[in-house]
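Peer 1: Here it is, the structure, as structure tokens.
The values are calculated or read from the model by the stated rules, or taken from the named source; none is laboratory data. Computed from a predicted model, the values in this text were never measured in an experiment. Here the Cβ positions follow ideal geometry from the backbone for every residue, glycine too, while neighbour counts run over all protein chains shown. Side chains are part of the model used for accessible areas, which takes the heavy atoms of the whole protein and leaves out ligands, DNA and RNA. Shrake-Rupley method; radii C 1.70, N 1.55, O 1.52, S 1.80 Å.
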Amino acid sequence: MRMLESSATFLRGHFSRRIFTIPTATLNRLINDHLRDNGLVEARRIFNQNRTSLDISTWNMMISVYVQRGLMLEAHQVFDQMPVRDVVSWNTMFMGLKKNKDPESVLRHFIEMRRSGLNPDELTIAAIIDAVSGPGSKVLVLQIHTLAIRLGLSLSAYTGSALLRGYTSLRDLRGLERVFKEILLKDVVSWNVLIMGYMKLGFVEDGERAFAEMPERNIVTWHTMLIGYINNMEMDKARDFFDKMSQRNVFSWTVMINGYVQCREFKVALLLFREMVESWSNRPSHYTFSSVLKACAASSSLLMGRQVHSMISKRGMACDVVLSTSLIDMYAKSGDITAASGVFKSMPVKNTASWNSMIGGFARHGLGVEALEEFERMVQCGYKPDQVTFINLLSACAHAGLVEEGEKQFMLMGRFGITAEKEHYACMVDLLARAGQLDKAERLIKGMPFEPDFVIWGALLGACGLHSCLELGEVAAKGISRLRREHPAAYDVLCRVHGEKGDWTSVMELRRLMRKTKAKKQDASSWIE
DNA sequence: CTAGGGTTAG
């Protein structure tokens with residue numbers, strides 16, 4: 001390190017007096033050494049001082065470093081100042097923009113690159129395909145594919161894997177298989193992406209066939225299959241596959257546990273987590289804990305949640321924003337609002353989701369005033385509320401009977417650039433109807449910019465039950481039955497209840513059922529039997 | 001000098 005510093009000083013000293021060129025390799029090594037030692041600032045200084053004699057690879061390396069650290073502003077700055085750019089410069093920028101989740105910019109820059117007369121290479125094609133992949137961009141994927149063919153790049157495994165992803169995003173099975181056949185030397189990644197494509201399109205058996213046929217497999221292959229089974233809701237196959245895996249790591253366990261969470265098998269998820277911990281084979285990661293906390297929250301397993309919390313602390317695991325937010329949610333959903341608030345207060349860094357969890361927690365506990373206060377603090381701290389914030393806030397008002405406050409917040413949503421969605425209207429209908437302002441609720445429904453859905457009619461119906469308003473209740477019930485084609489299962493429930501005319505206790509029952517459906521909650525049950 | 005595939009929060 002000292003040697004590096006002295007050589008930097010040496011270089012600086014000479015440059016102020018004379019002009020001579022340092023070999024590119026030396027400069028690159030010097031800058032690189034500084035970067036390795038975290039001396040980004042120093043590296044930049046050397047870079048700036050030799051600006052006039054820099055080799056293009058040095059420029060590219062500088063961009064790459066910024067990109068890798070997520071400093072896109074700096075990367076852009078260097079990129080803009082380059083006297084001349086090559087394909088590597090562009091590719092590095094594409095990767096940065098992609099990491100920054102800015103596909104439009106990737107496309108914009110690509111057009112600019114083409115205008116400058118440079119030809120794309122494999123990496124370029126891959127980056128562009130990823131940027132234009134998605135529903136409704138069929139033409140672009142096909143065009144990039146055409147371009148790749150014209151440049152003779154479509155046969156490579158690298159470009160091929162991107163094209164496979166592109167056709168998967170178009171849900172084009174034929175295209176997927178055609179591209180795969182075109183790849184000259186198929187490597188393990190090509191096969192993995194093919195399997196992923198089959199699984200995403202729902203062709204589980206084709207995925208299995210490819211898995212059997214492929215010449216070599218790695219752990220990602222196994223994970224691709226596992227995730228494929230889970231997303232196709234083949235939980236038995238997934239578990240069977242998981243049990244047969246020759247090697248397992250944290251990722252494998254987490255995927256399996258999270259799979260059970262996704263299909264609402266919370267107890268099984270927690271049992272598997274326990275198995276993982278007791279086997280001492282792999283240490284849970286942030287991902288694992290996050291999934292497990294979700295399972296605790298959804299099954300109101302407060303004791304288990306507390307155990308997980310202390311596990312996180314004992315392991316000295318950095319409690320990041322995501323994990324803390326999971327903890328808040330877990331505590332709030334399993335009834336310990338004090339603990340939720342404690343975690344929230346201890347967070348050094350918060351984001352919108354953390355605030356939402358906290359406000360949602362207050363709502364759940366009927367603490368409308370606290371929710372409103374927390375919302376005020378959120379805005380004062382400069383955090384931007386989003387759709388979810390207002391759903392939570394309005395439902396807090398509804399639960400606490402704060403009609404005027406709720407109406408006020410509903411009106412103020414636009415000031416934050418948020419337009420009211422169905423969920424917000426549902427909260428408002430619930431709020432007004434519960435408070436007995438049934439006419440107002442009805443008028444709100446009529447004035448909505450969309451058709452009322454099951455939840456909205458349900459809220460109204462329930463309140464009609466509360467306030468013994470048969471007439472409007474009939475309207476709501478009819479509204480629900482009109483939706484029967486969309487919600488056959490819900491209609492069944494309704495018919496069962498509606499058979500007993502005038503029995504509003506049953507309507508309350510229905511309303512409870514509907515609320516449960518909306519909240520996607522499992523029956524409250526404890527981890528400790 | 002750039003390097004493709006697998007998972008988290010409301």
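Peer 1: Expressed in nm², what is the orientationally averaged projection area of the convex hull enclosing the Cα positions of region A:259-333? Each step should come with its number before you reach the end.
Peer 2: On the way: hull surface 17.7 nm².
Its Cα hull, projected and averaged over all orientations, spans 4.4 nm².
Peer 1: Just tell me which aspartates and glutamates come within less than 12 Å, Cα to Cα, of A:Lys350; anything on the same chain fewer than 8 places away is out.
Peer 2: The qualifying aspartates and glutamates are A:Asp320.
Peer 1: To continue, here is another question. Which whole-Hz ³J(HN,Hα) couplings does region A:247-254 yield from phi under the Karplus relation 6.51 cos²θ - 1.76 cosθ + 1.60, θ = phi - 60°, glycine and proline marked x?
Peer 2: 10, 10, 10, 3, 4, 4, 4, 5
Peer 1: Largest first and in whole Å, give the semi-axes of region A:125-199's equivalent ellipsoid, each being the square root of 5 times a Cα gyration tensor eigenvalue.
Peer 2: 16, 15, 10
Peer 1: Then there's this: Using only the alpha-carbon atoms of region A:83-134 as identical scatterers, what base-10 log of I(q)/I(0) does the Debye formula give at q = 0.13, 0.32 Å⁻¹?
Peer 2: -0.25, -1.43
Peer 1: Given +1 on the Cβ of Lys and Arg, -1 on the Cβ of Asp and Glu, and no further charges, what dipole in debye does region A:37-164 carry about its Cα centre, rounded to the nearest 20?
Peer 2: The dipole magnitude comes to about 240 debye.
Peer 1: Using unit Cβ charges (K, R positive; D, E negative) and no other charged atoms, how large, in debye to the nearest 20, is the dipole of chain A about its Cα centre?
Peer 2: Working: 66 positive and 57 negative charges, 199 e Å.
Dipole about the Cα centre, nearest 20: 960 debye.
Peer 1: Here is a follow-up. Restricting to Cα pairs below 8 Å that are 6+ residues apart, what does the relative contact order work out to for chain A? Please round to a whole percent.
Peer 2: Taking the mean separation of contacting Cα pairs over the length of chain A, I get 6 percent.
Peer 1: Still on this structure, I have one more. Positive end of the dipole of chain A, charges at C-beta (+1 Lys, Arg; -1 Asp, Glu), about the Cα centre: which of A:His76, A:Pro452, A:Ser252 has its Cα farthest in that direction?
Peer 2: A:His76
Peer 1: Name the long-range amide H neighbours of A:Arg171: under 5 Å, sequence gap of 5 or more, or other chain; modelled H, no Pro or chain starts.
Peer 2: none
Peer 1: Now for a separate question. Hey, got a sec? Which GluC sites (Glu not before Pro) in region A:138-240 land in a DSSP loop and have at most 16 other Cβ atoms within 10 Å?
Peer 2: Here the sparse-neighbourhood loop sites are A:Glu216, A:Glu234.
Peer 1: Now for a separate question. Of all the C-alpha pairs in region A:177-225, what % are more than 18 Å from each other?
Peer 2: 19 percent
Peer 1: I'd like to know how region A:65-171 sits against the 2.2 N^0.38 Å rule of thumb: what's its Cα Rg over that expected value?
Peer 2: This ratio for region A:65-171 stands at 1.05.
Peer 1: Along the Cα→Cβ direction, 7 angstrom out, place labels at A:Glu421 and A:Lys181. What is the inter-label distance in nm?
Peer 2: Computed distance between label sites A:Glu421 and A:Lys181 equals 4.2 nm.
Peer 1: Quote the accessible area belonging to A:Cys263 in square angstrom, nearest 10, computed with a 1.4 Å probe and with ligands, DNA and RNA left uncounted.
Peer 2: Accessible area of A:Cys263: about 50 Å².
Peer 1: Okay, next question. Could you sort out which of A:Lys98/A:Lys237; A:Lys384/A:Lys440; A:Lys422/A:Lys478 sit more than 27 Å apart by Cα distance in this structure?
Peer 2: Checking Cα-Cα distances, A:Lys98/A:Lys237; A:Lys384/A:Lys440 exceed 27 Å.
Peer 1: Spelling out what I want: for every residue of region A:101-116, take phi, set θ = phi - 60°, compute 6.51 cos²θ - 1.76 cosθ + 1.60 (Karplus), and round to whole Hz; glycine and proline get x.
Peer 2: In residue order, the calculated couplings are 6, 10, x, 4, 5, 4, 5, 4, 5, 5, 4, 5, 4, 4, 5, 6 Hz.
Peer 1: Select from A:Thr58, A:Ile129, A:Ile418 the residue farthest towards the positive end of the dipole of chain A; place +1 on Cβ of Lys and Arg, -1 on Cβ of Asp and Glu, and compute about the Cα centre.
Peer 2: A:Thr58
Peer 1: Still on this structure: Please report, in whole Å, how far the alpha carbons of chain A spread along each principal axis, starting with the longest.
Peer 2: 94, 55, 52 Å, listed from the longest principal axis down.
Peer 1: If A:Met304, A:Met61 are ordered by their accessible area, calculated over protein heavy atoms with a 1.4 Å probe, which sequence runs from highest to lowest?
Peer 2: Largest accessible area first, the list is A:Met61, A:Met304.
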